[in-house]
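To start, the structure itself, in structure tokens.
The values are calculated or read from the model by the stated rules, or taken from the named source; none is laboratory data. Just so we're clear, the structure is a prediction, and the values are computed from it rather than from any experiment. No Cβ is skipped: glycine too gets one built from the backbone with ideal geometry, and neighbour counts run over all protein chains shown. We work out accessible area using only protein heavy atoms, side chains counted, and drop any ligands, DNA or RNA first. Shrake-Rupley method; radii C 1.70, N 1.55, O 1.52, S 1.80 Å.
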Amino acid sequence: MTIPVPPQEAPPPATAMQKLAALHSRADVGLMQEEAATRLRRDGPNEIPEKKRHPLFSFIKKFWNLSAWMIELIAVLSFVIHKSLDMWIALVLLVVNAILGFAQEQRASAAVAALRSQLQVMARVLRDGVWKTVSARELVTGDVIRIRAGDFVPADLQVIEGTLQVDQSALTGESHEVEKRTDAALHSGSVVRQGEATAVVVATGIKTWFGRTTQLVETAHPQLHVEKVIARVVRWLVILVSLLVSVTLVAALFEGLPLLRILPVALAILMNAVPVALPVMFTVSMALGSLELTRQGVLITQLSAVEDAATMDVLCADKTGTLTRNQLTVAQVLPQPGVTEAEVLQAGQWASNEANNDPIDLAFLHAGAQRALPRPVARVLSFSPFSAATRRTEAVIETEGRQLRCVKGALRTVGEAAGLDEAALAQLELQADREATQGRRTLAVACAPVGDALKLTGLVTLYDPPRPDSRQLIGRLVALGIRVKMLTGDALPVASEVARQLGLGQIVRAPELRALQREAAVQANALAESVDGFAEVFPEDKFLVVQNLQAAGHIVGMTGDGVNDAPALRQAEVGIAVRGATDVAKGAASAVLTTEGLSNIIALVLTGRAIYQRVLTWILYKVGQTLLKAGFVVASFLFFGKFAISLLGIVLLVFMNDFMMISLATDHVRPSEKPETWNIGPQIRVAAVLGVLMLVEALGLLAFGWTHFGLVGERGPLLTYGFEILGAFALFSVFSLRERGAFWNSRPSAVLLVAVLFDAVLAAGVGLTGLAEMEPLSPGDIAFIFAVAALFTLGPNDWVKAHLMARALSSGSADARHDS
């Protein structure tokens, strides 16, 4: 469908002030809260109803995938060879599989929907004459709102005053930015790149020009590292099992067995290599992890953030709001001769804008309020917000019949604008350096009548104290193997003092990194890696720091809040938008913080590492069990000339074991004390060794039963005996493989214990009562099989696993360091 492009040249049919009057609103007061609530009830929320696929289609899809096709083919072949009971049991298992998978995924989808509801655009709106922040879905026509660089335009607007550079590429496909001035139309879904403005809402929801939703982000699903690893593991398992099946087919045909009799068993063996339960287990684990993180102040927008947090080894943290309180206060006012402190603060207040919610602006406004300074009635004629290019804010105001130009910003920038010579500037910078040794940032304020040269009125020092827990939390991150690097726009003396208070080491100026990058990229990588942070950082420097750390082989986390931080947030493996970040920063990040400080980032790391451990347990279990089951069927046929387990037994075990592993999503795990790595080849080799060990032990147990319990024929006790052997080893190996050390080092979750107990009861029940071709065994035989399997799995096998895993983990860490 072609989306209509709004005309860019035609003037709007009415001015913004006329539109305000028509909507019964005022630019200086906005709507009354009661009137806004009435309009919200009348017009509905500012959102587009989401089209949802009917759950029935999701359920039907459960019958259309590789594992479902295999079971369906097994059912067809069972029907052809007149094994109707096997066919019906296979079909029942297929339906149960679909119901369980559907129920768990619906639960996970509900969790993700609840998460997404918190990732919404917020708007600064004027109601009852007071600026407040509300959800964009609560906006109504006639609302007066403030938009600035980094905001998504939350509804169709008309500019009352201000100048903006707007990106409409998401709507029109045009990549160039469009300038919007007073009376210009702004369309929902555009992005403000520069400037700020006050505007009136003229249309919401489905009545907007493009009918765009106000939802901030869609939960992204890029291919994850773990998916690539699992795909490789499953591919090699399928190849190995296919070779074993081929050997079995050749041997069976050589023995004169009919192909139709062998083929279902071959398909069932191949099905062992298919990750039937993994998608459900992984989805549930990620959803539960994301919900837990939400409770701890982290909203996940991309699942890759959880996975990459497990492997992250460097965190680049913004000083403000992450390491400090983000509560700037005026520490001291240093007026110039002939100027009072009140006059300096008054000029600074005039060069501030409360609607922007900027920390520096608010610090000046709060300081004036605390000192009860008189505020002459002033009308703002123009306001230019702070930008990295200008490094100052500037306002032209009219008060008491005069027009004044007021400026506040970086000391040198404002000093030069006020015409100070180099000697005067050096003297002021010396004074600022003394304040910096106490961690205070110094700004300059200047003011003069319009048309006259600016006059420096004084200096104002601001202080944003470190959070009381920051030093301790940095120590915790270091203990977790994550190095913290502080990034700040403050001057080097201020940054160094804050770093000292936080227990960080050397801080260097960002321009040094930029210069080195141009001359020697390798040395720039080494500099970024060796220091504990950078001062005098521009937003584009953050991208450079991330790139250099990645070039040095690190997995990087990056915090940011501004529109210019978006490239660095996208570049980092774990992009983290801090509390109060712009909409653009949130859209670029893979995680959004709803509280300040580092504690929520620690929660993200620990949750990521816990999920990593659960997925790794599944991979190791799958490798070991696939080798055991496939090897057992093939070897028993080659050694004894008979299949020691039926087609039904194999299919039943696949479902019992795989869906027992869904409970891993809730298992108690101990997150690693160092960053993880997806170089898990050594661990997979350990699982393969355990699989071979279990295979030898299972065949030995089968041989013992063959000679002592009189297992003869392909029917009767032999098939039941084989089923019980494989079922018992599968159950007890879960307890061993879930721990990298001794199995008793941690306690399984209640859900996992219940799942294992259910499987144990089911396996024992089948053994005691028999099923189809499987004839009953005595309770003593079943107890003997379970006891031997437990003895081997939790005894010598667990000792071998712990010993080999310790070597594998140290080898993996060494390989990761070498790769770096």
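Structural remarks
- Subset tally (residues that are open to solvent by 10 Å² or more (accessible area, probe 1.4 Å) and in a helix (DSSP H, G or I)) for region 664-681: 2
- Tabulated pairs, region 183-195, first assigned to a loop (DSSP other than H, G, I, E, B), second surrounded by fewer than 19 Cβ atoms within 10 Å (Cβ to Cβ) and at pLDDT 85 or above, C-beta under 7 angstrom, 6+ apart or interchain: Asp183/Thr15
- Against the test of being touching a residue at least 24 places away in the same chain (Cβ under 8 Å), crowded, with 23+ Cβ neighbours inside 10 Å and more than 12 Å from the chain's Cα centre (by Cα), the options Val592, Val574, Val605, Val623 yield a single qualifying residue, Val623.
- One residue alone among Leu473, Leu454, Leu487, Leu477 is open to solvent by less than 30 Å² (accessible area, probe 1.4 Å) and either closer than 18 Å to Gly348 by Cα or among the small types (Gly, Ala, Ser) (or both), and that residue is Leu454.
- Scanning region 149-160 turns up no residue that is part of a helix (DSSP H, G or I), modelled with pLDDT under 85 and more than 21 Å from Pro45 (Cα to Cα).
- From the list Glu218, Glu177, the one residue that fits, being in contact with a strand residue (DSSP E or B) (Cβ under 8 Å, 6 or more places away or on another chain), modelled with pLDDT under 85, over 25 Å from Trp131 (Cβ atoms) and surrounded by fewer than 23 Cβ atoms within 10 Å (Cβ to Cβ), is Glu177.
- Condition met for Val522 (crowded, with 21+ Cβ neighbours inside 10 Å and outside any loop (DSSP other than H, G, I, E, B)): no
- Of all the residues in region 724-749, those that are touching a residue at least 24 places away in the same chain (Cβ under 8 Å), in a helix (DSSP H, G or I), more than 27 Å from Leu648 (Cβ to Cβ) and among the hydrophobic types (A, V, I, L, M, F, W, C) number 1.
- Qualifying positions in region 132-147 - part of a strand (DSSP E or B) and of a type in the set (Lys, Arg): Lys132, Arg146
- Residue check for Ala342: in a helix (DSSP H, G or I) and farther than 24 Å from Arg124 by Cβ: yes
- Criterion violated by Glu307 - all others in (1) open to solvent by less than 40 Å² (accessible area, probe 1.4 Å); (2) of a type outside the set (A, V, I, L, M); (3) at pLDDT 90 or above satisfied: (3)
- Some residue of region 118-126 being basic (Lys, Arg), out of contact with any Cys (no Cβ under 9 Å at 6 or more places or on another chain), over 22 Å from Gln302 (Cβ atoms) and at pLDDT 85 or above: yes
- Tabulated pairs, region 293-313, first farther than 13 Å from Val592 by Cα, second among the acidic types (Asp, Glu), C-beta under 6 angstrom, 6+ apart or interchain: Asp308/Glu573; Ala310/Glu676; Thr311/Glu676
- Residue ID - nearest to Leu702 (Cα to Cα), chosen from residues in region 769-799 that are aliphatic (A, V, I, L, M) and part of a loop (DSSP other than H, G, I, E, B): Leu777
- Count of residues meeting criterion [crowded, with 22+ Cβ neighbours inside 10 Å and within 11 Å of Phe743 (Cα to Cα)] in region 787-801: 4
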